[in-house]
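Following this message is one structure expressed as structure tokens.
The values are calculated or read from the model by the stated rules, or taken from the named source; none is laboratory data. None of the values given here were measured: they were computed from a predicted structure. Using ideal geometry, Cβ is built from the backbone for each residue, glycine included, and neighbour counts are taken over all protein chains shown. Heads up: the accessible areas ignore ligands, DNA and RNA and are worked out on the full protein's heavy atoms, side chains in. Shrake-Rupley method; radii C 1.70, N 1.55, O 1.52, S 1.80 Å.
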Amino acid sequence: LKLLQSEGKLTIIVTIRDGKTGRNRSETQTSEGPTAILVTTADINIDPEFVSRSYVLVVDDSRLQTARILEFQRHSLTLKGIIERKQFEKRYELWRDGVRTLRSIEVVNELAPQLSFPDTTPRTRREHKRFLQLISAVALCFQHQRPIKHKDLGDGEILEYIEVEPKDIEIVNELVANVLGQSLSDLGIMTRQFLLRLFDMVKAESARLGIPRMD
């Protein structure tokens, strides 16, 4: 999976028995990308190398979220709930058709030099690249709302491209505010959540008792 993400393709050598001679021979097989990889797991110990290539989303296991889910399940059986589901299915089909109209085109980000990103660890080198790629991906979704520009590269080659706009960066900042924070942390996701809850509890108790937090 890590090679497929980094290289855009996966090449392996497999052993195949020749049906005519009965002898084994080696054959190289290549699976071309790009590939979208979605993985779910209940394991809190995720391979750090895989995490650094992915966006980690955590399910909300709070009691409040459980109550919301149960309420939604009951609502989905009502007439209003069924109508809403039908309307959602239509919107989903429209969204999927819209994605099919997107085509491959270069995305130029002239705003990139103005951006900043943490540089405290070598790990951010990969995280920063993913951050920039996500901005380009968001801009690509707006290709029908952007002027397509052309640049003559010489030798008869013309570069077609669209440009990143400030609102693309705003969307990405909102999306990754918590997600990248989880990826950059040295702690496990659940461990980090526990630590933050513990910190809030100690802060509240120190204020209630009127003693320094460190004590």
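Test Leu115 against the criterion of being surrounded by 10 or more Cβ atoms within 10 Å (Cβ to Cβ), at pLDDT below 95 and not β-branched (Val, Ile, Thr), and give yes or no.
Values: surrounded by 10 or more Cβ atoms within 10 Å (Cβ to Cβ): yes; at pLDDT below 95: yes; not β-branched (Val, Ile, Thr): yes.
Taking the combined requirement at face value, the residue satisfies it.
Starting from the stretch 66-92, take each residue that is modelled with pLDDT of 95 or more and among the small types (Gly, Ala, Ser) and list its partners that are surrounded by 10 or more Cβ atoms within 10 Å (Cβ to Cβ) and assigned to a helix (DSSP H, G or I), counting only C-beta distances under 7 angstrom and pairs at least six apart or across chains.
Once the first residue is modelled with pLDDT of 95 or more and among the small types (Gly, Ala, Ser) and sits in the stretch 66-92, its partners that are surrounded by 10 or more Cβ atoms within 10 Å (Cβ to Cβ) and assigned to a helix (DSSP H, G or I) give Ser76/Arg85; Gly81/His75.
Any residue in the stretch 3-26 that's small (Gly, Ala, Ser): show its pairings with residues that are modelled with pLDDT of 85 or more at Cβ separation under 7 Å, as long as the two are six or more apart or on different chains.
That search, which allows pairs on different chains as well, returns Ser26/Ile13; Ser26/Thr15.
Restricting to the stretch 133-160, give me the number of residues that are buried (at least 16 other Cβ atoms within 10 Å of the Cβ) and under 18 Å from Pro34 (Cα atoms).
Matching residues across the stretch 133-160 total 5.
Would you check which residues across the stretch 31-53 are free of Cβ contacts under 8 Å to residues at least 60 places away in the same chain and in a loop (DSSP other than H, G, I, E, B) and list them?
Here is the first cut: in the stretch 31-53, the residues free of Cβ contacts under 8 Å to residues at least 60 places away in the same chain are 31-43, 47-50.
Residues satisfying the conditions are Gly33, Pro34, Thr35, Ala36, Ile37, Leu38, Val39, Thr40, Thr41, Ala42, Asp43, Asp47.
What's the number of the only condition in (1) on the phi > 0 side of the Ramachandran plot; (2) at pLDDT 90 or above that Glu110 fails to meet?
So the condition that Glu110 fails would be (1).
Collect the residues in the stretch 168-215 that are among the hydrophobic types (A, V, I, L, M, F, W, C), open to solvent by less than 60 Å² (accessible area, probe 1.4 Å) and modelled with pLDDT under 85, keeping them in residue-number order.
Val176, Val179, Leu180, Leu184, Ile189
Give the residues of the stretch 55-86 that are open to solvent by 80 Å² or more (accessible area, probe 1.4 Å) and in a loop (DSSP other than H, G, I, E, B), sorted by residue number.
Passing the criteria: Tyr55, Leu57, Val59, Asp61, Leu77.
Could I ask something else about it? Within the stretch 123-132, identify whether any single residue is open to solvent by less than 40 Å² (accessible area, probe 1.4 Å) and aromatic (Phe, Trp, Tyr), and answer yes or no. Working first, answer last.
Applying the first criterion (open to solvent by less than 40 Å² (accessible area, probe 1.4 Å)) to the stretch 123-132 yields 124, 127, 130-131.
Pick out the ones that are also aromatic (Phe, Trp, Tyr) and you get 131.
Yes, the stretch 123-132 contains a residue that is open to solvent by less than 40 Å² (accessible area, probe 1.4 Å) and aromatic (Phe, Trp, Tyr).
Continuing with the same structure: List the strands (runs of 3 or more DSSP E) that sit entirely inside the stretch 102-215 and contain at least 2 residues that are over 25 Å from the mean Cα position of the chain (by Cα).
Working: elements: 106-108, 149-154, 157-163.
Once the strands (runs of 3 or more DSSP E) in the stretch 102-215 are filtered for at least 2 residues that are over 25 Å from the mean Cα position of the chain (by Cα), what remains is 149-154, 157-163.
Could I ask something else about it? Under the condition of being of a type in the set (Lys, Arg) and farther than 15 Å from Phe50 by Cα, which residue from the stretch 1-20 is nearest to the chain's Cα centre (by Cα)?
Lys9
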